[in-house]
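Visitor: What follows is a single structure, and I will ask about it in a moment.
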Ligand SMILES: [Zn+2]
Ligand SMILES: [Zn+2]
């Protein structure tokens, strides 16, 4: 599980920061990728990565501002052109379906796969299967702007089949009983308690990706105990009045959310083009005074999200 | 007057060729630029040039395929963000107005300038002022796809005011008479014939930019006597069956059009991503066997279009 930042800019593209898009790589988990926002030129950014459009299974749009959605029709068309034929689900605020359908229709783009649309109109769960659960919450950005909390479900411990074989447990239905935690007796008289041969539970990871927002208690609620929190940081804190006026956040506000939410790591993105490289290092440094584990993202930064018992 | 190629690819973007867009720079002529097509990431390409979005006065779309229009909403938004406040005219096939208006509305983009839409539904003149005349003609691409012929009007010779001053002609209404070709008599008795002091007529230039098309007689008609013909060359001639099937042209077909139209120079663009650099050199070479003055365009190639009496 990795987060790949395709675009980390804000509003208008800059040479060093393209418009918003993030890919959550779930190759080990489900052999697919989920995309969050799709600013113009996202498909061009992808050309410099190993991302394959046909592997994209879900696209979540946080809000309808152009710098977050104008890359969508092109990406969807190219996904078809490059052989994508599996269905895709698009989640986003009301209007996203009309935008995509109209763009595809007027441009005569005929896709060879179906698109399922989920338009969000209230806070709550938007997706669940046996691996993941995703909830959305509306933030504060003037227009509807959502944050997404992606919760990987805890995995039960695995049965230690290797060890059982060494003890002489024959292949077959006994393994099923042991897995349920029952005790069995072998022909040679050995008693084996299944509970002794089940590995530790694997705790799932939590990734919270917020759309554009000013500082908000909703952000803190949504991000609670996240392993990774992705928060916009359009402005430096000296420009906090601008941030407030334009419904955006500063680096320090983002750090405050991470701290209050008890998050593990904070990734800052959506950086205004007015700030140069030195400013962005300063942005990172001053956020760290409040929340140590803060990192400024750049285009093509990839962050791995290890399981709790993996090396960090 | 220069033509700047922002994107020279076809269908899907490649690392070395972005999607279609060309800028006709008219800085000396009218302190503005005209754009032809606006594929996704055109505004990002512009960041590597001296083009200022606020200088763009007119945008002509050849047809509604996504690789020619998906960059338009983003470019229009950034034009506003970067201080553009002068009105803009968009020319294109039926549907372009709905596409732009809906994209801007759903993305809550509020521009500070007006957009005038001219939807073309038949061949003919679409713009004329005292400098330029633009006609459109439908080509053969399955869906409506237009070519644009931009004709610069001939300029009358200028009055040689410097020489007249040296002869002692006083500032004032006499210059008006001389300009009309009348003869005047000065106080010192000199007779001056205006016709002797009017410079040569300046012949206007003709630039023809075609949208996607298969080989077509309409292309030849539209491009007649052009100084510059921009023609698509999606395929190499060995793939001419593919070209025909997909309503596109080969390099040799483009050269045939240039030759039959009596054009001065042929610029090939809209090159399929399947061809690598060596192929594209070959594409140029084999077109030159038919039409010597042929050039393959690359992203950021700039071609100047000199006046007839300037050095070429
Ligand atoms: Zn934004
Ligand atoms: Zn095309």
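Visitor: Could you list, in sequence order, all residues of region A:144-162 that are closer than 11 Å to residue A:197 by Cβ and loosely packed, with under 12 Cβ neighbours inside 10 Å?
Guide: Here is the first cut: in region A:144-162, the residues closer than 11 Å to residue A:197 by Cβ are A:157-162.
Scanning region A:144-162 gives a single hit, A:162.
Visitor: On to the next question. Please go through region A:178-225 and give me each residue that is outside the structural domain of residue A:23 (by TED's automatic domain parsing) and at positive phi, ordered by number.
Guide: Listed by number, the residues that qualify are A:181, A:189.
Visitor: Also, quick follow-up: In this structure, is residue B:78 in contact with a helix residue (DSSP H, G or I) (Cβ under 7 Å, 6 or more places away or on another chain), in a helix (DSSP H, G or I) and either modelled with pLDDT under 95 or within 10 Å of another protein chain (Cβ to nearest Cβ) (or both)? Break it down into steps so the answer makes sense when it comes.
Guide: On the way: in contact with a helix residue (DSSP H, G or I) (Cβ under 7 Å, 6 or more places away or on another chain): yes; in a helix (DSSP H, G or I): yes; either modelled with pLDDT under 95 or within 10 Å of another protein chain (Cβ to nearest Cβ) (or both): yes.
Spelling it out, residue B:78 is indeed in contact with a helix residue (DSSP H, G or I) (Cβ under 7 Å, 6 or more places away or on another chain), in a helix (DSSP H, G or I) and either modelled with pLDDT under 95 or within 10 Å of another protein chain (Cβ to nearest Cβ) (or both).
Visitor: Return the only residue of B:116, B:141 being closer than 22 Å to residue B:21 by Cα, buried (at least 18 other Cβ atoms within 10 Å of the Cβ) and in contact (Cβ under 8 Å) with a residue 12 or more places away in the chain.
Guide: Numbers: B:116 fails: buried (at least 18 other Cβ atoms within 10 Å of the Cβ).
Of the residues listed, the single one that is closer than 22 Å to residue B:21 by Cα, buried (at least 18 other Cβ atoms within 10 Å of the Cβ) and in contact (Cβ under 8 Å) with a residue 12 or more places away in the chain is B:141.
Visitor: Scan region A:56-72 for residues that are more than 9 Å from ligand 1 (Cβ to nearest atom) and either over 15 Å from the mean Cα position of the chain (by Cα) or within 13 Å of another protein chain (Cβ to nearest Cβ) (or both) and jot them down.
Guide: Initial filter on region A:56-72 (more than 9 Å from ligand 1 (Cβ to nearest atom)): A:56-61, A:64, A:69-72.
Those that are more than 9 Å from ligand 1 (Cβ to nearest atom) and either over 15 Å from the mean Cα position of the chain (by Cα) or within 13 Å of another protein chain (Cβ to nearest Cβ) (or both): A:61, A:64, A:69, A:70, A:71, A:72.
Visitor: Answer yes or no as to whether residue A:51 is away from ligand 2 (no atom under 16 Å from the Cβ) and either in a strand (DSSP E or B) or not assigned by TED's automatic domain parsing to the domain that holds residue A:269 (or both).
Guide: Working: away from ligand 2 (no atom under 16 Å from the Cβ): yes; either in a strand (DSSP E or B) or not assigned by TED's automatic domain parsing to the domain that holds residue A:269 (or both): no.
No.
Visitor: How many of the residues in region B:13-42 are within 14 Å of chain A (Cβ to nearest Cβ) and surrounded by fewer than 23 Cβ atoms within 10 Å (Cβ to Cβ)?
Guide: Step one: of region B:13-42, the residues within 14 Å of chain A (Cβ to nearest Cβ) are B:13-21, B:37-42.
Narrowing further to those that are surrounded by fewer than 23 Cβ atoms within 10 Å (Cβ to Cβ): B:14-16.
Going through region B:13-42 one residue at a time, the tally reaches 3.
Visitor: Okay, moving on. I need the helices (runs of 4 or more DSSP H) fully contained in region A:196-297, keeping only those with at least 3 residues that are loosely packed, with under 15 Cβ neighbours inside 10 Å.
Guide: Numbers: elements: A:217-222, A:240-245, A:251-261, A:277-288.
Answer list for region A:196-297: A:277-288.
Visitor: Let me ask another. So how many residues does region A:83-123 have that are part of a loop (DSSP other than H, G, I, E, B), within 16 Å of ligand 2 (Cβ to nearest atom) and facing another protein chain (nearest Cβ under 9 Å)?
Guide: Going residue by residue through region A:83-123, those that are part of a loop (DSSP other than H, G, I, E, B) are A:83-87, A:94-95, A:107-114, A:121-123.
Retained after the next criterion (residues that are within 16 Å of ligand 2 (Cβ to nearest atom)): A:107-110.
Now drop any that are not facing another protein chain (nearest Cβ under 9 Å), which leaves A:107-109.
So the answer is 3.
Visitor: Tell me, please, whether a residue that is in the same structural domain as residue B:119 (by TED's automatic domain parsing), buried (at least 21 other Cβ atoms within 10 Å of the Cβ) and farther than 21 Å from residue B:229 by Cβ can be found in region B:2-11.
Guide: For region B:2-11, residues in the same structural domain as residue B:119 (by TED's automatic domain parsing), buried (at least 21 other Cβ atoms within 10 Å of the Cβ) and farther than 21 Å from residue B:229 by Cβ: present.
The values are calculated or read from the model by the stated rules, or taken from the named source; none is laboratory data. Every value quoted in this text rests on a predicted model; they were computed, and no experiment measured them. When we count neighbours, we look across all protein chains shown, and the Cβ atoms used for this are built from the backbone with ideal geometry, even at glycine.
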